[in-house]
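Asker: This is the structure, below, for whatever I ask next.
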Amino acid sequence: MIIGTDVTAIYREFTDALTEVLGENATNATGPARRGRLARARAAVKRHPDYNEHAYFVAVETAFAQWEAMQNASAIGR
């Protein structure tokens, strides 16, 4: 990711990567590639000149909300 990229796109990538890792932790199958994606996205967010701690926490909360929705959807399908 490039520092000059729109910060909202970087937050979205971070949220998506975190959601993916959370979802795979439920199955104990999280691989190093997924964790690497999360680490790169987190670093890009933290390095961005428009970094905002509140927006970072909102991105984390959004990832957990998406993960919870995935859990609820899979529980319904059982």
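Asker: Just give me the residues in region 49-78 being of a type outside the set (Asp, Glu) and more than 25 Å from Thr5 (Cβ to Cβ), in sequence order. Write out each step before concluding.
Answerer: Quick first cut of region 49-78, residues of a type outside the set (Asp, Glu) only: 49, 51-52, 54-60, 62-67, 69-78.
Passing the criteria: Ala69, Met70, Gln71, Asn72, Ala73, Ser74, Ala75, Ile76, Gly77, Arg78.
Asker: Do you know which of the residues in region 51-64 that are surrounded by 12 or more Cβ atoms within 10 Å (Cβ to Cβ) and not β-branched (Val, Ile, Thr) is nearest to Ala17 (Cα to Cα)?
Answerer: Ala63
Here's the yes/no breakdown for (1) over 12 Å from the mean Cα position of the chain (by Cα); (2) small (Gly, Ala, Ser); (3) modelled with pLDDT of 95 or more; (4) part of a loop (DSSP other than H, G, I, E, B):
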site	(1), (2), (3), (4)
Met1	yes, no, no, yes
Asn28	yes, no, no, yes
Ala41	no, yes, yes, no
Ala59	no, yes, yes, no
Trp67	no, no, no, no
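The values are calculated or read from the model by the stated rules, or taken from the named source; none is laboratory data. The shown structure was predicted, so the numbers you read here are calculated from the model rather than taken from an experiment. Cβ: placed from backbone, ideal geometry, glycine included. Neighbour counts: every protein chain shown.
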